[in-house]
1. Amide H to amide H, which residues 5 or more places from ASP79 or on other chains are under 5 Å from it, using H placed in the peptide plane?
2. Rounded to whole Hz and in sequence order, give me ³J(HN,Hα) for region 109-124 from the Karplus expression 6.51 cos²θ - 1.76 cosθ + 1.60, θ = phi - 60°, writing x for Gly and Pro.
3. For CYS119, what accessible surface area do you get with a 1.4 Å probe? Give it in Å², rounded to 10.
4. Might you report the magnitude of the Cβ-based charge dipole of the chain about its Cα centre, with Lys and Arg at +1 and Asp and Glu at -1, to the nearest 20 debye?
5. Using the heavy atoms of the protein chains and a 1.4 angstrom probe, tell me the accessible area per residue for region 17-145 in square angstrom.
6. With the full set of protein chains in place, find how many percent of the accessible area of the chain is carbon and sulfur; take the probe as 1.4 Å.
7. With an 8 Å Cα cut-off and a minimum separation of 6 or more residues, compute the relative contact order for region 43-125 in percent.
8. Rank these by accessible area, largest first, 1.4 Å probe: TYR32, TYR18, TYR71.
Amino acid sequence: MSEGDGAGAFRWPVRVYYEDTDGGGVVYHASYLRFLERARTEWLRALGLEQRDLAREQGVVFAVRRMEVDYLRPAHLDDLLQVTARLLRRGRASLELAQEVLRPPEPQPLCRALVRLACVDAAALRPRPLPGPLLTELERGRRLD
């Protein structure tokens, strides 16, 4: 599991809505998965890569192959959170990211996740190498925070 406060990671703001919570106003555990997904999508968008375009033009989509999640502290209705995404490793057909859900200005994360994404053929849903445009943007090493 990743350590740290998300420093140097891409950050995406998320507001907690009623639909994200249980009857007591505490964020339901599955809502964190949606928050993490949104941040990964926006991280790709910040790299100049739209998931729709990757599917249509490159014929690839990303599927979560493995996710390890630690729920550390609760978030509540109306909280403004920061969700991070930081690339840890790139394989031939996979990406591994460390993600955190934070409630600034508190330094401790509410949730941490280690996510392994598989790059798969959009039609056959079989593993496929990462497309050139994505590799180019990752190699550029743009600073996204």
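1. VAL16
2. After applying 6.51 cos²θ - 1.76 cosθ + 1.60, I find x, 8, 8, 10, 9, 10, 10, 10, 9, 9, 8, 10, 4, 4, 8, 8 Hz.
3. 0
4. That gives the chain a dipole magnitude of about 640 debye.
5. Heavy-atom SASA per residue in region 17-145 reads 55 Å².
6. 50
7. Worked out over region 43-125, it gives 35 percent.
8. So, going from the largest accessible area down, we get TYR18, TYR71, TYR32.
The values are calculated or read from the model by the stated rules, or taken from the named source; none is laboratory data. Source: prediction; values computed, not measured. Neighbour counts are summed over all protein chains in view; Cβ atoms, including those assigned to glycine, are modelled from backbone coordinates with ideal geometry. Heavy atoms of the whole protein, side chains included, go into the accessibility calculation; ligands, DNA and RNA do not. Shrake-Rupley method; radii C 1.70, N 1.55, O 1.52, S 1.80 Å.
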